[in-house]
Amino acid sequence: MRRSKHTVTYLYVLFFVLLLNFVLPRLLPGGPIDFLEGGEDGPVFISDAQKVAMRDYYHLDESAWMQLADYVKGIFTFDFGQSFTYKMPVYEVIMNRLPWTLLIVGVATVLSIVIGIVAGLLSAWRHAGDHDRGWFLSMISVSTIPDFLTGMLFVLGFSVKWDWFPLGGAATPFYTPNGWWDLLIDVSWHAVLPVVTLTVANTASIYLLMRNEAIRVLREPFIEFALAKGVGSGTILYRHVLRNAILPIITMVVVRLGGLLAGSVLVETVFSYPGIGNLLQEAILARDYPLLHGLFVLMTVFVLLLNMAADRIYPLLDPRIQTGKQGGA
Amino acid sequence: MNRSKKAGSVIVACFVGLALAGPLLAGVEPFAFDGERLLTPSSVNWLGTNALGQDVFSQLSYGARTTLLIGLGVAVLSTTLSGVLGLMAGYFKRLDPLINGLANVLLVLPSLLLVLIVAAFTSGGVWQLIVTLGLLTWPGYMRLIRASVLSLREREFVKASQLFHGKPSYILRKHLMPFIVPLLRTKFILSFRQAVTMEASLSFLGLGDPNQPTWGKMLEQAFHQTETWMTTAWQWTIVPPMLALLLVTIGLALLSEGEHQQGNRLLRSYSPSSRVKLLLASSEIAASVPCAHSSVKAAEQTQRTEHCTATHAGSDNAVVVHDLSVVHNGRTILQPMSFSIAAGSVTAIIGESGSGKTTLARAVYGLLPDDVMSGAVYIRSGGTNGSSETSGTSDTSNICATNGSSAERGINRWVDAAFIVQDPRLSFNPLLTIGQQFMEAMQGTDASSITVSEKRLAAKQALREVQLSDRLLDSYPHELSGGMLGRALLALALINKPSLLIADEPTGALDPIVKWEILNLLVTKVREHGMTLLLITHDHQAALRVADDMMIIKDGQLLEHAPAEQWLHHPATSYSRELQALMPSIRRRHISEEFKKVGFQHREGCRNLKKEQRNVGRTT
């Protein structure tokens, strides 16, 4: 029941995004081509060949229903058309960039989840003092800072002032590394600041969630009972508090992961990191509609998959749901 | 208003001041190319000029205006939508699926992604951004408001108003709005902050309104100028808008979070309290009596009352409490009290809710932090090696040996004593099997060499002892009924054979039949194992039926401590008489008869002296 309800929601979301992608460019005054030519911000110049490509892409000479049919067909065959700027199939362009984003977002995700949960747990454990209050307020402050600002601060500090890390990019250009080891060092060197920025931006919110949840669990009678049983603090924190507090956190963390993916747009722009976030920014500025379409569909599907994964993981961790299902209740 | 909230308000006030007054002071248009490029700050250009020769201060102050406009616009629109839709979804059942479904769809996608989709296909203008953000960010708080209305709708005052044919609009406005306002206030500040961040982010990506000076745009322009990084220009082109953004977002966060009050401190210590110590096998209560003077007899002569407790600590007393008092936040929860409890007896602690019974129990078990508790508690050691069967002679032989090394040894939780609380359903961790929770309790025993399979065997044995199937070890608590959990809890309490069992209303949350069953089992098992039971209860009749001694507590004061029979027939205080008057007379007679049948063999030894001791406890 619960799951099917969620699935319906996800289908609606997918439908909604696809519809937006279909309708918005066609709703623009005079259609996408006129809009681009007469656009207020002049820098976008399109050649006749591009116009043809665009007309071709949108099938503007066909009826609305045929356009819709082609559009839907394209989605199911992963055929998002040819990118205007890269002159390559959208699918390939995205696939070239995707690994970089997955690298920094993946590492930042793991780091922020681990740090956020441990810090939140310890902070809840020490809930009593003013010490925790200061920590709490500073975390709230950090969680509100837009991530591109954090990124800029890091660039200012570590790249401009002290020159410890590269200003941007994912690898040193025109650099031929001696073997995979040098390559690895070069890549990780470039990834440090983006990863740290994403981690900082995400850790604070996970910390706050975890802290609240752990404080709630610590007030449960079974914690007092475990204490009365003489269970050590380490075991209490790990087996009793963490396991119970993490259940509601999982869904929220996963939803935030989707946000992290979208948030990579900003961080990658700050560090000119060649991931799909940076690609998205370029595509929006250049009005590369096929590429935009592909990116939006990809990100939406990614977010939906994450949500579905969270729905699946939850019952695995909570025995109460599992047995309820087996019993047919 | 606390400090963080004050700081937040000051920052936000400065920001509003800059937005309102700044442009009047600036004198230069933000987009006018009047100055030289990248001038350093001076009396003409307060914050210097950027790479295009535009005045930075002018841009900063006009940018504050744009930020304020966008923040206010989005906050008003989004908060209104949240409030109106939340009230409607909560109050009108028909609209609920539609509104809630829409909210769910919007909540799945991160709002940045949605805004980017819209921004990608449209030209980014200020008003367009306000509308987009306003329309996309209402669902989170809408759901909170909806949930709150759903519960308020069932409340009496709303029902009453409906009976008097109050119009929905009237009820919503007059009865529900007051509850929603705090939520809306938080939502307003949150939306404001989100809008500021989102606008800056979009401008930074180059998707903002090209005709409006904004902080994000200043950052974007400066960021993409190579000169910014080559020279010191970043100090006045990047730092001012960056600081402005940082301060405004943090200020808004402090403003909304400042309302959160620190929760009450939990009175709980994670490690056993140092004021709760083991009663040494043979003797002293306080370490003040040096071991060298093991002429216990001499001490007896001088301190008659105390020495009785002392001499019988080894053989007869399971708990000795000395001047125990609990003070928290300047409020006295427990008045100083001293008493001792004979080994193998059942003592019932009776009192109204809030009289301090539970605090007393927790203090005796050492669950309270040291700083709220004063006095001392001594508990006889338990477990398989320190059980009450130890002979008196061996006790005396090792007085000094034990005294030297472990005179101040704290109790070993669950081995020397065990503590079970009200609701068995809440006492078990829902995510661990019963077996896992048994294993945990067995880790504290001295014999740490026992293997997992041995522990499992012991756990099975314990379950069988309370007539439960040993297959339950692999079950989760939610699969068992309240009565079964009550039995399991009992088995768990008996597993290490502690000398003392403290039961804080062990049957309080169970239905009447199960209640009796569990209580009887509890007392039977305690007597069977020669354990001491400290039973805290509301139920006077149950207490009279099972207890040897009664302790009456009122307002944190120990009023009476007497054998049950004596208390019943000759209550010493008027409060006790009041309590007894509340009991149905039939039950009373029945209980008295039962008392005649039951012998009081357990407590012959030191009865008279103990009474004296109680009197001392009462007067202190």
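The values are calculated or read from the model by the stated rules, or taken from the named source; none is laboratory data. Please read all numbers here as calculations on a predicted model, not as lab measurements. Note: ideal-geometry Cβ built from the backbone for every residue, glycine included; neighbour counts use all protein chains shown. Note: areas computed on protein heavy atoms with side chains; ligands, DNA, RNA excluded. Shrake-Rupley method; radii C 1.70, N 1.55, O 1.52, S 1.80 Å.
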Chain pair B, A: how much accessible area is buried, both chains summed, with a 1.4 Å probe, in Å² to 100? 7000
Could you tell me which chymotrypsin sites (Phe, Trp or Tyr not before Pro) in segment A:65-151 are loop residues by DSSP with no more than 16 other beta carbons within 10 angstrom of their beta carbon? A:Phe78
On a full-extension model of 0.36 nm per residue, what is the gain between B:Gln580 and B:Arg527, subtracting their alpha-carbon distance, rounded to one decimal in nm? 16.4 nm
Taking the simple approach of a point 7 Å from Cα along Cα-to-Cβ for both B:Ser481 and A:Glu282, what is their distance in nm? 6.9
Grab the Cα-Cα distance for A:Trp181 and A:Met88, subtract it from 0.36 nm times how many residues apart they are, and report the gain in nm with one decimal. 30.3 nm
³J(HN,Hα) computed for each position of segment B:367-376 - Karplus, 6.51 cos²θ - 1.76 cosθ + 1.60, integer Hz, glycine/proline x: 8, 8, x, 4, 6, 9, 10, 10, x, 9
Got a sec? Which residues of segment A:279-299 lose 30 Å² or more of accessible surface with every protein chain in place, vs. that chain alone, 1.4 Å probe? A:Gln281, A:Ile284, A:Leu285, A:Arg287, A:Phe296
Roughly to the nearest percent, how much of the accessible area of segment B:527-566 is carbon and sulfur, given a 1.4 Å probe? 37
Which of the residues in segment B:87-120 show a loss of at least 40 Å² in accessible area from their chain by itself to the complete set of protein chains, at a probe of 1.4 Å? B:Val105, B:Val108, B:Leu109, B:Pro110, B:Leu112, B:Leu113, B:Leu116, B:Ile117, B:Ala120
Determine how large the accessible area of A:Ile185 is when every protein chain is in place; take a 1.4 Å probe and give Å² rounded to the nearest 10. 80
B:Val327-A:Asn212 FRET efficiency (beta carbon distance; Förster radius 30 Å; 0.05 resolution): 0.50
Run the numbers on segment A:259-273: which residues show a drop of 20 Å² or more in accessible area, chain on its own versus all protein chains together, using a 1.4 Å probe over heavy atoms? A:Ala262, A:Val265, A:Leu266, A:Thr269, A:Val270
Starting from 0.36 nm per residue, how many nanometres of slack lie between A:Val23 and A:Trp65 once their C-alpha separation is accounted for? 13.9 nm
Under a point spin-label approximation (7 Å from Cα along Cα-to-Cβ), what is the A:Lys73-B:Leu135 distance to one decimal in nm? 3.1
To the nearest 10 square angstrom, what accessible area does B:Thr214 show with a 1.4 Å probe? 10
Using R₀ = 30 Å, calculate the FRET efficiency as 1/(1 + (r/R₀)^6) where r is the Cβ-Cβ separation of A:Tyr238 and B:Leu144; round to 0.05. 0.40
Taking R0 as 25 Å, what FRET efficiency do you get between A:Ile313 and A:Arg219 from their Cβ-Cβ distance, rounded to the nearest 0.05? 0.45
Pop a pseudo-label 7 angstrom from the Cα along the beta-carbon direction at both B:Ser169 and B:Asp511 and give the gap in nm to one decimal. 4.9
Loop sites in segment A:74-159: trypsin sites (Lys or Arg not before Pro), DSSP, at most 12 other Cβ within 10 Å: A:Lys87, A:Arg126
Given a 1.4 Å probe and every protein chain left where it sits, what share in percent of the accessible area of segment B:3-263 is carbon and sulfur? 66
If you roll a 1.4 Å probe over segment A:76-117 with all protein chains in place, what percent of the accessible area is carbon or sulfur? 75
Which entries of B:Lys455/B:Lys497; A:Lys161/B:Lys217; B:Lys357/B:Lys497; B:Lys357/B:Lys554 have Cα-Cα distances beyond 18 Å here? A:Lys161/B:Lys217; B:Lys357/B:Lys497
For segment B:149-233, which GluC sites (Glu not before Pro) are both in a DSSP coil and crowded by at most 13 other Cβ atoms within 10 Å? B:Glu154
